[in-house]
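Beneath this line is the structure, given in structure tokens, with notes to follow.
The values are calculated or read from the model by the stated rules, or taken from the named source; none is laboratory data. The model shown is predicted, which means the values in this text are computed figures rather than measured ones. As a convention, Cβ positions derive from the backbone with ideal geometry for all residues, glycine included, and neighbour counts pool all protein chains shown. With ligands, DNA and RNA removed, areas are computed over all heavy atoms of the protein, side chains included. Shrake-Rupley method; radii C 1.70, N 1.55, O 1.52, S 1.80 Å.
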Amino acid sequence: MTVTTRFAPSPTGLLHLGHAYSALLAHGAAQSAGGRFILRIEDIDFGRCREEFVDAIEEDLAWLGLEWERPVRRQSEHMDDYRAALDRLDGMGLLYRCFLSRKELDAALSAPHHQPMQGPEGPVVVDADRLMPAGERDGRLAGGEPFALRLRMAEAMAKAGPVGWTDDRHGEQAATPEVFGDVVLARKDTPTSYHLAVVVDDALQGVNRIVRGEDLFQATHVHRLLQALLELPVPGYSHHPLLTDAEGRRYAKRDRSLTLRALREAGRTPDDIRAMVGL
Ligand code: GLU
């Protein structure tokens, strides 16, 4: 099987050293196996993504010496694919509409009879549709109010049965997606979510080795469940440690001096970047 890896940034800022590390690892994993390397632009967050950052990502990666397949898939152009996956899950009875905003949910969940657990994406939401009387739900739907689509986690897990994955660095993993609660698969403002789009795209693009940062390790629990429900192939996973600065803080888009653009303009070479990230 041809090893296929990808680098999948969201164009919400300039790439920094942490991104370079991740892209170089994914590219290297494909190259050393004579495989394919894909760049995917994850631009579903319409409010935060900018065209200038898409151009900058390609410019920086080319400068680093990476080559990737073209055309580059942009998630914003493939909403039909995500819709089809949602329809399939809906047909299985696993989705419900959630009209409540984060604020409304937080208020409902902090009511005395609730004990909200903290999940990787904030307070765990379960059966959010039952927090609102059916009449109010119908009224909001009739009034054209936007809603998110959430996965009925317990039913989804029962349907999928046990799922897990093999992680290069962390070994065999049993997925426990219930810690996320009824995860959002389509947002109010975007007819998909990160979790759904990533899983659909990785399968459609034949990505079978996912090399990405440890910050996304938790998300893999949800991704494996979605793959099982949608009968998609199981990729191998390699979650690499996150690079940190001298003070031990993760690199972030706010660290302007450590963007690839700033480093290039300061006279650093692609070899310097590899040395800086230890590759
Ligand atoms: N788009 C995600 C990000 O920029 C990464 C997606 C992934 O590697 O699964 O954090």
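Overview of values
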item	result
For region 41-102, with +1 on Lys and Arg beta carbons and -1 on Asp and Glu, the positive-most of 101, 84, 66 along the dipole	101
Projected label distance in nm at residue 58 and residue 244, using a 7 Å step from Cα toward the beta-carbon	3.7 nm
Sequence-distant residues sharing a close amide H with residue 6 (under 5 Å, placed H)	38, 211
Net +/- balance of residues flanking residue 152 in space, Cβ distance below 14 Å, scoring K and R +1, D and E -1	-2
At R0 = 41 Å, FRET efficiency that the Cβ-Cβ distance of residue 205 and residue 111 yields, to 0.05	0.40
Charge-dipole axis of region 190-279 as Lys and Arg at +1 and Asp and Glu at -1 on Cβ define it, positive-most pick from 257, 229, 246	257
Over region 123-279, relative contact order from alpha-carbon pairs under 8 Å, at least 6 apart, %	22 percent
Net charge, residue 244 excluded, C-beta distance under 13 Å - Lys, Arg +1, Asp, Glu -1	-3
Charge context of residue 136, other residues only, Cβ under 11 angstrom, K/R +1, D/E -1	-1
Sulfur and carbon atoms: percent of accessible area, region 1-88 [1.4 Å]	46 percent
For region 42-115 versus region 202-244, the gap between their alpha-carbon centres in whole angstrom	15 Å
With all protein chains modelled, accessible area of residue 159 [1.4 Å, Å²]	120 Å²
Rounded to the nearest 10 Å², the accessible area of residue 89 at probe 1.4 Å	0 Å²
Spacing of the two label points (7 Å from each Cα toward its C-beta) at residue 215 and residue 127, in nm	3.5 nm
Those residues of region 217-258 whose amide nitrogen sits under 14 Å from the label point placed on residue 166, 7 Å along Cα→Cβ	234-238
Residues of the chain: accessible area per residue with a 1.4 Å probe, Å²	48 Å²
Contact order normalised by residue count of the chain, Cα under 8 Å, 6+ apart, percent	25 percent
Student exercise, region 127-235 dipole from Lys, Arg, Asp, Glu Cβ charges, in Debye to nearest 20	120 debye
Charge dipole magnitude, Cβ of K and R +1, D and E -1 - the chain, Cα centre, debye nearest 20	140 debye
